[in-house]
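Derivation of every value follows stated rules applied to the coordinates shown; laboratory data play no part. Just so it is clear, the model here is predicted, and its values are computed rather than measured. All Cβ positions, even for glycine, are placed from backbone atoms using ideal geometry, and neighbour counts span all protein chains on display.
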Amino acid sequence: MSQTGTVQRFNRIKGYGFIISDENQQEVFVHFSEVQGSGYKELTSGQRVSYTLKTGEKGDYATQVQVID
């Protein structure tokens with residue numbers, strides 16, 4: 001199920017960051033490999049995104065991340 005949120009922070013050197021979920025205000029981990037689109041994949045603090053929430057061994061994380069225009 002698709003969710004929305006706001007990028008809290010993203011470290012372009014390390015390639016990961018966190019999204020604050022609109023649904024429950026919780027931090028969700030995001031890795032650059034899950035950002036959709038062509039070219040260099042990075043996010044900027046404050047960007048609005050949609051994503052699918054998955055649960056892995058280390059907790060929840062965002063997949064299929066797309067920037068909302």
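What relative contact order, as a whole-number percentage, does the stretch 2-67 give when Cα pairs under 8 Å and 6 or more residues apart are counted?
This gives 34 percent for the stretch 2-67.
Tell me which GluC sites (Glu not before Pro) from the chain have a DSSP coil assignment and no more than 13 other beta carbons within 10 Å of their own. Don't skip to the answer; put the middle values down first.
Details: sites: GLU23, GLU27, GLU34, GLU42, GLU57; in loops: GLU23, GLU42, GLU57.
Listed in order of number, the matching sites are GLU23, GLU57.
Whole-Hz Karplus ³J(HN,Hα) for the stretch 27-40, in order, using 6.51 cos²θ - 1.76 cosθ + 1.60 and θ = phi - 60°, x for Gly and Pro?
6, 10, 5, 9, 9, 4, 5, 8, 7, 7, x, 9, x, 5
Taking 0.36 nm per residue of separation and subtracting the Cα-Cα distance, what length does fully extending TYR40 through ASP69 add?
Taking TYR40 through ASP69 to full extension adds about 8.7 nm, to one decimal.
Grab the Cα-Cα distance for ARG48 and LYS14, subtract it from 0.36 nm times how many residues apart they are, and report the gain in nm with one decimal.
Details: separation 34, 0.36 × 34 = 12.24 nm, distance 2.07 nm.
Residue separation times 0.36 nm, minus the Cα-Cα distance, leaves 10.2 nm.
From the phi of every residue in the stretch 9-18, what ³J(HN,Hα) in whole Hz does the Karplus formula 6.51 cos²θ - 1.76 cosθ + 1.60 yield, where θ is phi - 60° and glycine or proline is x?
My calculation for the stretch 9-18 gives 7, 8, 9, 5, 6, 7, x, 8, x, 9 Hz in order.
Exactly which trypsin sites (Lys or Arg not before Pro) in the stretch 1-62 are in a DSSP loop and have at most 11 other Cβ atoms within 10 Å? Spell out each step's value before the answer.
Details: sites: ARG9, ARG12, LYS14, LYS41, ARG48, LYS54, LYS58; in loops: ARG12, LYS14, LYS41, LYS58.
Listed in order of number, the matching sites are LYS14, LYS58.
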